[in-house]
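Engineer: This is the structure, below, for whatever I ask next.
The values are calculated or read from the model by the stated rules, or taken from the named source; none is laboratory data. From a predicted model like this one, the values you see are computed outputs, not experimental measurements. Here Cβ is always computed from backbone atoms with ideal geometry, including for glycine, and neighbour counts include all displayed protein chains. Accessible surface areas use protein heavy atoms only, side chains included; no ligands, DNA or RNA. Shrake-Rupley method; radii C 1.70, N 1.55, O 1.52, S 1.80 Å.
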Amino acid sequence: MQSPLSPTRPKSPWGRFDPYDFPEDQDKEYVGFATLPNQVHRKSVKKGFDFTLMVAGESGLGKSTLVNSLFLTDLYKDRKLLNAEERITQTVEITKHTVDIEEKGVKLKLTIVDTPGFGDAVNNTECWKSVADYIDQQFEQYFRDESGLNRKNIQDNRVHCCLYFISPFGHGLRPLDVEFMKALHEKVNIVPILAKADTLTPTEVKKKKFKIREEIQQYGIKIYQFPDCDSDEDEDFKQQDQELKDSIPFAVIGSNTVVEAKGKRVRGRLYPWGIVEVENSAHCDFVKLRNMLVRTHMQDLKDVTRETHYENYRAHCIQSMTRMVVKERNRNKLTRESGTDFPIPVIPSTTDTETEKLIREKDEEALHVVFKEMNVCT
Ligand code: GDP
């Protein structure tokens with residue numbers, strides 16, 4: 001049995017929460033693996049985190065204002081606003097803004113993917129296509145990198161979440177909203193947002209939310225599903241979780257200005273009849289949305305992206321590859337059976353590195369063909 005002062009007694013060496021630092025544990029014998037979470041924590045903090053958030057929906061619904069309010073940073077300082085004529089002729093152009101933010105020693109590389117102009121053009125047919133293509137291209141790049149030789153420093157640009165903004169002025173979802181969300185729901189975690197909630201009364205917000213939830217179900221749109229609570233969680237947590245689920249679509253208000261309300265400086269919008277406060281949960285769901293995105297579900301959004309959306313893409317890709325190989329084999333078999341000379345591949349007498357290079361080139365060529373084929377069939 002080890003004494004509390006034993007030098008071999010396992011301790012967490014990083015000064016953080018030490019799982020062995022309890023009086024009741026002092027006389028017990030341990031191996032020390034309860035420090036594993038600390039080891040994981042240390043490694044991930046050292047590496048830093050990344051998160052890619054896409055915002056979509058008609059322009060002018062407050063997407064950029066909300067993103068700035070969410071991350072307390074001006075991500076759009078270089079944005080050029082287009083005039084009406086430019087917006088009519090514009091096809092959906094996708095832009096990316098990246099910022100490195102740090103809080104309490106934890107670094108987050110945040111990427112915002114913006115889809116401006118969506119819904120502005122006269123002809124909006126298939127305006128979701130370039131957004132869907134963008135998401136696929138990120139999967140494709142990741143798949144290529146993952147299948148390559150150097151898998152150590154892969155840059156992961158996969159989109160982890162798409163905030164889809166719904167206009168507060170319509171009666172529920174518009175056909176374009178349905179089309180857009182259905183085109184993307186198998187590729188990305190969609191979180192619906194009821195924009196500019198300050199333009200609606202509380203009763204209207206309630207009614208709109210209900211209608212939108214109903215329509216989401218009616219049209220078979222698969223939005224991001226919050227994971228179920230474990231049955232042994234405490235009641236408070238369960239209630240918060242249920243409230244979160246009932247808040248969909250999150251009714252939000254964005255503002256880039258700080259105003260004075262009841263002697264306090266707050267982010268809000270000043271009207272002749274009063275102030276709406278962005279971070280006041282009696283006014284809107286902004287705090288709920290931010291907590292969900294950052295504090296409670298960021299990792300789950302990443303997990304679902306990796307385990308579900310990317311896996312779907314990958315499985316589809318591998319299926320196409322297999323089909324191609326089978327087709328190629330059958331063709332070769334036919335050629336042989338018809339008596340035509342089939343060139344037997346000659347293994348080149350090269351050194352190991354040259355062979356490796358050749359294999360890599362062949363692999364890349366094969367992948368390239370498959371990706372090309374996939375772009376046609378997806
Ligand atoms: P985006 O084109 O979707 O990025 O929209 P912007 O963020 O540029 O906002 C367009 C306009 O809506 C600006 O004048 C904003 O000040 C205003 N706006 C943004 N958020 C809100 C909101 O929550 N409520 C109201 N009433 N106006 C907002």
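Engineer: Going by amide H atoms built from the backbone, whose H comes under 5 Å of the H on Ala251, apart from near neighbours?
Structural biologist: The answer is Leu194, Asp285.
Engineer: Are there any trypsin sites (Lys or Arg not before Pro) in the range 216-304 that are in a DSSP loop and have at most 11 other Cβ atoms within 10 Å? List them by number.
Structural biologist: Lys262
Engineer: Amide H to amide H under 5 Å from Cys162: which residues, 5+ apart in sequence or cross-chain, H placed 1.01 Å off N in plane?
Structural biologist: Close amide H contacts, sequence-distant or interchain: Met54, Asn189, Ile190, Val191.
Engineer: Okay, next question. Considering only protein heavy atoms, with the full assembly of protein chains and a 1.4 angstrom probe, order Arg174, Arg42 by accessible area, largest first.
Structural biologist: Arg42, Arg174
Engineer: Out of the GluC sites (Glu not before Pro) in the range 167-216, which ones are loop residues according to DSSP with at most 16 other C-beta atoms within 10 Å?
Structural biologist: Glu186
Engineer: Tally Lys/Arg at +1 and Asp/Glu at -1 over every other residue whose Cβ is under 12 Å from the Cβ of Gln240; what's the total?
Structural biologist: -3
Engineer: Report the Cα-based extents of the range 223-293 along its three principal axes, largest first, to the nearest Å.
Structural biologist: 47, 26, 18
Engineer: Apply the Karplus curve 6.51 cos²θ - 1.76 cosθ + 1.60, θ = phi - 60°, to the phi angles in the range 132-142 and return the couplings in whole Hz, x for Gly and Pro.
Structural biologist: So the Karplus estimates, Gly and Pro as x, are 4, 4, 4, 4, 4, 4, 5, 5, 4, 4, 5 Hz.
Engineer: Of Asp300, Asp234, which has the most accessible area and how do the rest follow, probe 1.4 Å?
Structural biologist: Final ranking, largest accessible area leading: Asp234, Asp300.
Engineer: Can you give the accessible area of Thr322, probe radius 1.4 Å, in Å² rounded to 10?
Structural biologist: 80 Å²
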